[in-house]
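What follows is calculated from the coordinates using simple rules that are stated; it is not laboratory data. Since this is a predicted model, take the numbers as computed values, not measurements. When we count neighbours, we look across all protein chains shown, and the Cβ atoms used for this are built from the backbone with ideal geometry, even at glycine.
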Amino acid sequence: MRPDDNPPRPRSSRRTWTRDQLLKSLQIIGELHTPLPPTLPPSPPVSRSNSPAPTIKRKYDAPSEHERSKRPRTTSILSDRPAPPSDTHIRVHPARNEPCEDGEVREDPPVASSSRIPVAPGIAIPNAVPIRRPRRGKMDAQHHEALHDKYHQAGRLLKYSGDSRFWSTFAVGKKEYKPLANPPPPNSMYHKFGGLIARLELVDALVCFTYAMWNRDYAKKTCYRNSWSTIEAFLTWCKQKWLTEEVIDAERSFIGLIYMIEGFIHVRKMAYFARMQLDRDVSKLCDDLKAEVDQAAAKADESQLSENLNLGLGGQKPQATPPMLPSPESIASANSANSTPTARDEGTPSSLPPTGSATQKRAPHPPGQQLIHGRLLPQRYRDVPIPADTMDAMLSATTTASLPFLQNIKEQTNGTLAAAHCLREAQTTLNLTTLVRFYPTTFARIINTTLSPTEEHEPDIEDEEGELYWPGQGITGEGLGWVCLLGKAMIKEFGKKYGYKGIDGVVSKPNPEDAGSRSLASGPQQHQRSGSTPSGRTPHGSTPHGYSSQPPPSSTLPR
């Protein structure tokens, strides 16, 4: 490169402006109608080195209340997971309090893109936080017995009212029709939605009956299986009333609630029965069978040992007396080239043992692949191969089982199948998604709770603002109290739109002088019409008992 090719450096002198250029620049700026005052207020300290010359400051206008209300929310409780730690939250910087200079754009606080959580259309985001009531602790048996009597009586009144209101919804010409003695006013919600109110009273009665029986169980830390069997007929009747009606999505959740109650009842009976009786009975049966298995294995081992001794000492097949060797003349006539006696098929002694028993012997069962496991397998065979004959002998061992034991086993298997069916149906129509859509208050009470799974005795079932808990794993035998609390909250929240009053709006009996006695169980049967009782079921008017020492007349479990 030659020195002449270098580009010329810019000069440091100022550019000279012509008169025409200055006039054009002044026309762009325009005329200043109001000249600046001769004295200016003192300027603030310089915040940075490249700040422009100080000029008039403009006061910062804080956002109004209307603007603040339009800012997006950054909190939501759609997720059932706990909130992340505070150091992982998105930090939103506050607005600058210092005034901005003229000509600068004010820096607004950044809005995080994750502050808006996408919500499916039609889902309301609940933001209510339940009231955290003081813990009451474990209550005595008298407290739970009082709750049992209270809600057992409430269930009777609600059940009678629901049945009576249900019969009054039929057409006048129908044989099932029975008018109410004191019908509600024509313009009231109870008249406009009589069928829905009747079904709400029936499911409310089911919740009350279940809660009453659960309180009696919870006080004694047990499960009265015969008492739970008395609720099956009414539960089936209530479920049929909801299944046969055309309901909306919000009402369909009550079908899931009924299935959840039924499933948790089955699981509670199974868990407690296995823990208190069935495990003990099965263990006794296994002990008896283990003795039979040991005896059969010992006999098979003895037989196998005897057979091995016979094969080793003298168990060969008796041989015939070998014939005399042929003379050389006879051999020469037959085969002159062979002077050695030929081998014969029979009568020739052999030093090899017979192979017939070896080909028929089966391979033993290696460790880990035995057909008998656990405590039934004898200790001496747990780490060694088991001969096939010994395994056959142990598998053929039998013992005697009583008829009540077999009935209990069958009932346990029926309960397992019924519980699986009920909980499978319940989870399709009652889950956290349906709660957040149709029962946002109940959802917020569950999702913002501080209660633990073992504190189902803490909440008051009539409380509409306290904490709740989503029913946990029913296989533990617990959680039925949470199901009742959930059902009562759903009934109260849903019933507000229809003016549902619960126990305060029930249809009273014609003869209420004996309303407080336990003889009310036969009251609804007086209004029952022919053909209205489901076939093969106990009449729906029968009321579940608090407890019973007699076995149930029939079982509604699938056979």
Efficiency of FRET between Phe193 and Asp279 - r from beta-carbon atoms, R0 60 angstrom, step 0.05: 0.75
message: Counting only other residues whose beta carbon sits under 11 Å from that of Leu377, what net charge do I get with K and R as +1, D and E as -1?
response: +2
- prompt: If you stretched the chain out fully between Glu245 and Arg19, how much longer would it get, using 0.36 nm times the residue separation minus the C-alpha to C-alpha distance?
  reply: 72.0 nm
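Give me the net charge of Asp301's neighbourhood, meaning all other residues with Cβ under 13 Å from the Cβ of Asp301; Lys, Arg count +1, Asp, Glu -1.
Around Asp301, the charge tally is -3.
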task: Compute from the Cα atoms of segment 205-312 the Rg and the Dmax, the latter being the longest Cα-Cα distance, and quote both in angstrom.
output: 25.8, 84
query: Which residue, chosen from Leu485, Pro453, Asn414, occupies the Cα position most advanced towards the positive end of the dipole of segment 413-499, where the dipole is computed from +1 (Lys, Arg) and -1 (Asp, Glu) charges on Cβ about the Cα centre?
result: Asn414
- request: Output the pairs from Lys410/Lys492; Lys159/Lys497; Lys178/Lys501; Lys150/Lys241; Lys221/Lys492; Lys174/Lys509 with a Cα-Cα distance over 31 Å in this structure; if there are none, say none.
  value: Lys410/Lys492
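Quick one: if the Förster radius is 51 Å, what FRET efficiency do Val384 and Arg135 give, using the C-beta to C-beta distance and rounding to 0.05?
Values: r = 58 Å, r/R0 = 1.14.
That gives a FRET efficiency of 0.30.
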Extension gain (nm, one decimal) between Tyr498 and Arg424, 0.36 nm per residue minus Cα-Cα: 23.7 nm
- line: Here FRET efficiency (C-beta to C-beta, Ser452 to Asp392, R₀ 60 Å, nearest 0.05) is 0.70
task: Beta carbons within 10 angstrom, averaged per residue: use that to sort the peptides 303-309, 461-467, 235-241, highest first.
output: 235-241, 461-467, 303-309
field: Length released on extending from Thr433 to Gln304, taking residue separation times 0.36 nm less the Cα-Cα span
entry: 39.8 nm
query: Ranked from highest to lowest mean number of other Cβ atoms within 10 Å per residue, what is the order of the peptides 209-215, 445-451?
result: 209-215, 445-451
message: Principal axis extents for segment 389-471, Cα atoms only, whole Å, descending order, please.
response: 67, 27, 25
query: For segment 132-138, in order, what is each residue's ³J(HN,Hα) by Karplus, 6.51 cos²θ - 1.76 cosθ + 1.60 with θ = phi - 60°, in whole Hz (x at glycine and Pro)?
result: 8, 6, x, 5, 8, x, 5
